[in-house]
Amino acid sequence: MAYDARVLLDSVAPNGVRLTTLEVTFPRFVLAEFNTHRQFCLDGDTKLYFDLPSGAKSGTKRFALTIRELYDKWHNGAAPRINRSKTKRATAVEPDRDYTARELATMTGYADYTGIDDWVARLGFNRQPIRQR
C-alpha cells in the first residue's frame, strides 16, 4: 500500500492556535502509532472537560482542567477545601459496643450512612449491627 497525505484545511486562530486537517492513506498498523503519538503529545495547557455527577447541586454540569492541573492533582492531591474539614473522628467509636451503619455514619462525620452500609456489605457482613474491632 502506498503512503499518501493531502492537506484539506490549514488555519491559524487569532490567538495563534493552528488547526490542520489532513487526509492520509497508510497501512493499518501505522494507525496505532499515529494515534499513540497524537494522544501522548498533548500540551500541558490542553483543556480536559468533565461532567459533574447527575446529583451535583452546582448550576453548571461541566468543568474544565488543564492536563497540567490534572497531573498535579493526581500526583500531589487537591488543596484542602475550606470549611469542609470533618470535626468528628473515629476515636469516638467504643470498641466493645455494637453499632448500626447509621450510628457509625453520625459518629464519624459522614453525611449519609450508605457509604458505611456498602462498605460493610462488600466485606461480606450481613446488615445486622456490626461490632467495631
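The values are calculated or read from the model by the stated rules, or taken from the named source; none is laboratory data. None of the values given here were measured: they were computed from a predicted structure. Neighbour counts run over all protein chains shown; Cβ positions are idealised from the backbone, glycine included.
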Can you find a residue in the range 93-107 that is acidic (Asp, Glu), part of a helix (DSSP H, G or I) and at pLDDT below 85?
yes
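Could you list, in sequence order, all residues of the range 1-19 that are over 18 Å from Leu31 (Cα atoms) and not in a loop (DSSP other than H, G, I, E, B)?
Hits for the range 1-19 are Leu8, Leu9, Asp10, Ser11, Val12, Arg18, Leu19.
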Scan of the range 71-88 for residues that are of a type outside the set (Ser, Thr, Tyr), at pLDDT below 75 and either out of contact with any helix residue (DSSP H, G or I) (no Cβ under 7 Å at 6 or more places or on another chain) or in a helix (DSSP H, G or I) (or both), ordered by number
Pro80, Arg81, Ile82, Asn83, Arg84, Lys86
